[in-house]
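Bear in mind that the values in this text are calculations on the coordinates, not laboratory data. Everything numeric in this text was worked out from a predicted model, so none of it was measured. Positions of Cβ are generated from backbone atoms using ideal geometry, with glycine treated the same way; all protein chains shown enter the neighbour counts.
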Amino acid sequence: MRIKKGDQIQVIAGKSKGKKGKVTRVLPASGKIVAEKINVMKKHMKPKREGEKGQIVEVDAPFDVSNAMLVCPECGKMTRVGYSVKNGNKSRVCKKCKKEF
């Protein structure tokens, strides 16, 4: 998976199309990611103690990684990710501006 935790992404398909956010979780086994304020779902929570009220909480739900593109930290554009190997170290490279990040 080419997108990692902490990356800035932009959604290219689905109900949240066009939104930008930071990746908070990566689920490589299922090919999904979770990002801040993207694909927000409402979850109904039961009261935990007697006398407490139940509530509706907004939760960021996972969505498919194919619906998001990485935003390059150097040029600020949506880009595909390439790799370069220098001195045995593999690093990610922006396909548009050719800079490592």
Quiz item: Ordered by packing density, taken as the mean number of other Cβ atoms within 10 Å over each peptide's residues, highest first, how do 29-40, 83-94 rank?
Solution: 29-40, 83-94
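Report the equivalent ellipsoid semi-axes for the stretch 8-94 in whole Å, largest first, defined as the square roots of five times the eigenvalues of the gyration tensor built from alpha carbon atoms.
Working: eigenvalues 242, 46, 23 Å².
They are 35, 15, 11 Å, listed from largest to smallest.
List the relative contact order of the chain as a percent without decimals, with contacts defined as Cα pairs under 8 Å and 6+ residues apart. List each step's numbers first, then the result.
Details: 191 pairs, mean separation 21.8, N = 101.
Contact order relative to length: 22 percent.
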Practice problem: Enumerate the calculated ³J(HN,Hα) couplings along the stretch 18-23 in order (Karplus 6.51 cos²θ - 1.76 cosθ + 1.60, θ = phi - 60°), each rounded to whole Hz, writing x wherever the residue is Gly or Pro. | Solution: x, 6, 10, x, 9, 6
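Using 0.36 nm per residue, how much length does the chain from Ile56 to Lys15 gain when fully extended, once their Cα-Cα distance is taken away? Could the numbers behind the result be given before it?
Values: separation 41, 0.36 × 41 = 14.76 nm, distance 2.09 nm.
Gain on stretching Ile56 to Lys15: 12.7 nm.
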